[in-house]
Amino acid sequence: MKKILFLICTLSLLTAIFASCSDEEANPTFSKREYVFCLFDVHQYAELFNVMGNYGQFASIRKRVVNGVTKFSIANSSSAHDYTVDALSKDFGLGLGGLIVGTNNYGETLCYDLACPICDRASRRLTLTAGGYARCAKCLVTYDMNNYGAIYKIPQDTTLNKPRGLYRYRVNYNGQILNAYN
């Protein structure tokens, strides 16, 4: 009887502890650090269309101003293009440095921030490389996007104050519409 009472008390205590955690503490997988909300019809963007059903492939999306006109710059391993931003998408939130979207080797649709989380600046965008990797030109850390944005390689003689994987955002993809959000 004492063992049962002990188990009930322990379970009650654990329930109270986990219930008191905020959503971010309970599920630290997804970042709320930067505003992210966007909807893309992948059939309208060749670079997105090419990566969204092909395992291990990713594309970057970021806003930039070209000759005074705001555009989405979308690039994958084989092509890049600037698309004019329409009135409906001008307020899309694309995180700190932009977004990386694609399908990992397990067939899961994933979304990461394009900015290096160690450098932690919008201007420190990652470069996508073959095999599903992203590399920072400043700190030289390489991330494995097929392994949920984990650090893949740190250069020798490098000390990192706060080593962490890529900032990750929630994403839905129904075969046509890609929706990233937090």
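The values are calculated or read from the model by the stated rules, or taken from the named source; none is laboratory data. Quick caveat: nothing in here was measured; it's all calculated off a predicted structure. Neighbour counts are summed over all protein chains in view; Cβ atoms, including those assigned to glycine, are modelled from backbone coordinates with ideal geometry. Protein only, heavy atoms only, side chains kept; ligands, DNA and RNA dropped before computing areas. Shrake-Rupley method; radii C 1.70, N 1.55, O 1.52, S 1.80 Å.
Each residue in region 109-123 was checked for being part of a strand (DSSP E or B) and either farther than 21 Å from Gly56 by Cβ or under 8 Å from the mean Cα position of the chain (by Cα) (or both), and 5 pass.
Which of the residues that make up region 127-138 are surrounded by 15 or more Cβ atoms within 10 Å (Cβ to Cβ) and out of contact with any Leu (no Cβ under 6 Å at 6 or more places or on another chain)? Across region 127-138, the qualifying residues are Leu128, Gly132, Tyr133, Arg135.
Matching residues to (1) closer than 20 Å to Arg168 by Cα; (2) modelled with pLDDT under 90; (3) touching a Pro at 6+ places or on another chain (Cβ under 6 Å):
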{"residue": "Leu88", "(1), (2), (3)": "no, yes, no"}
{"residue": "Gly93", "(1), (2), (3)": "yes, no, no"}
{"residue": "Tyr106", "(1), (2), (3)": "yes, no, no"}
{"residue": "Asp120", "(1), (2), (3)": "yes, yes, no"}
{"residue": "Arg125", "(1), (2), (3)": "yes, no, no"}
{"residue": "Arg135", "(1), (2), (3)": "yes, no, no"}
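Kindly evaluate Ala150 against the criterion of being open to solvent by 60 Å² or more (accessible area, probe 1.4 Å) and at negative phi. Spelling it out, it is not the case that Ala150 is open to solvent by 60 Å² or more (accessible area, probe 1.4 Å) and at negative phi.
How about region 159-179: which of its residues are assigned to a loop (DSSP other than H, G, I, E, B) and open to solvent by 60 Å² or more (accessible area, probe 1.4 Å)?
Those that are assigned to a loop (DSSP other than H, G, I, E, B) and open to solvent by 60 Å² or more (accessible area, probe 1.4 Å): Thr159, Asn161, Lys162, Pro163, Arg164, Asn174, Gln176.
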